[in-house]
Amino acid sequence: MGRMSRWKPDGRSRLEQAAYELFRDRGYDRTTVADIAARAGLTERTFFRHYADKREVLFGGAAVLQDELVRALRGVPPDVPAIEAVRVAVEAIAQFMHGRRALARERERVVAAHADLQERGLIKRASLTAALATALEQRGVTEPVARLAADMGITVFYVGFDQWLDDPAGRELVEIVHAGFDQLKAVASGI
């Protein structure tokens, strides 16, 4: 009696939901791993199977995004120009955010309030950019062009992400990112 179940389905998303609720209600600094696990109805040990620490709840999806970004790029035919291949890959990761706008807003609120989390966000962004550049080089794109295309693509994603959080029209991130690449193309052709 009173013991927590050793296994409950969907532990990762339950931990994530519990963490965001506690971050909102108590604040990030006053929330512990024990608090998160208890709110999710799981043990601390289960928490640490999914996350290294509470900070990783906010950034745990970075590896999934990076894997999807690279996978999507590898699926683009080799004759497609670099920036168009980047568009396909970036739009693929934008699809991952479907239905997660409210959670993304909450995450951004927490990250914006903590310098160490902002730093972690910049590291995540740099990792995505580096992975994309490396994948472009593996397609035969030269190093400076690969870096430039990756930087532009990830910038379009993040600019679009910021717009999407409070988009008055309620557009999906993939629509905003697609429009961002069109704007990038228009800017580049006008130079």
(request) Could you list all residues from the range 13-45 that are of a type outside the set (Asp, Glu) and surrounded by fewer than 16 Cβ atoms within 10 Å (Cβ to Cβ)? (result) 13, 24, 26, 27, 30, 32, 34, 41, 45
(request) Kindly indicate the residue of the range 119-141 that is of a type outside the set (A, V, I, L, M, F, W, C) and within 14 Å of the chain's Cα centre (by Cα) and also farthest from residue 81 (Cα to Cα) among those meeting that condition. (result) 120
(request) Return the pairs, sorted by first residue and then second, in which the second residue is of a type in the set (Asp, Glu) and at pLDDT 95 or above, the first residue lies in the range 113-134 and is over 15 Å from residue 28 (Cα atoms) and crowded, with 17+ Cβ neighbours inside 10 Å, the beta carbons are less than 7 Å apart, and the residues are 6+ apart or on different chains. (result) 129/151
(message) Any residue that is small (Gly, Ala, Ser) and at positive phi - is there at least one of those in the range 157-170?
(response) yes
(request) Pairs only if they're at least six apart or on different chains, beta carbon under 6 angstrom, first in the range 26-44 and free of Cβ contacts under 8 Å to residues at least 40 places away in the same chain, second in a loop (DSSP other than H, G, I, E, B); list them, first residue then second. (result) 33/54; 37/43; 43/4
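Quick check: is even one residue across the range 20-38 assigned by TED's automatic domain parsing to the domain that holds residue 151, in contact with a His (Cβ under 7 Å, 6 or more places away or on another chain) and either basic (Lys, Arg) or within 24 Å of residue 118 (Cα to Cα) (or both)?
First, pick out the residues of the range 20-38 that are assigned by TED's automatic domain parsing to the domain that holds residue 151: none.
Scanning the range 20-38, I find no residue that is assigned by TED's automatic domain parsing to the domain that holds residue 151, in contact with a His (Cβ under 7 Å, 6 or more places away or on another chain) and either basic (Lys, Arg) or within 24 Å of residue 118 (Cα to Cα) (or both), so the answer is no.
Being free of Cβ contacts under 8 Å to residues at least 40 places away in the same chain and within 14 Å of residue 181 (Cβ to Cβ): is that true of residue 56 here?
Judged against the criteria, residue 56 is not a match.
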(request) Give me a count of the residues in the range 99-156 that are closer than 18 Å to residue 59 by Cβ, among the charged types (D, E, K, R) and not in a helix (DSSP H, G or I). (result) 1
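The values are calculated or read from the model by the stated rules, or taken from the named source; none is laboratory data. All values reported here derive from a predicted model rather than from experimental measurement. In this analysis, Cβ positions are derived from the backbone assuming ideal geometry, glycine residues included, and neighbour counts consider all displayed protein chains.
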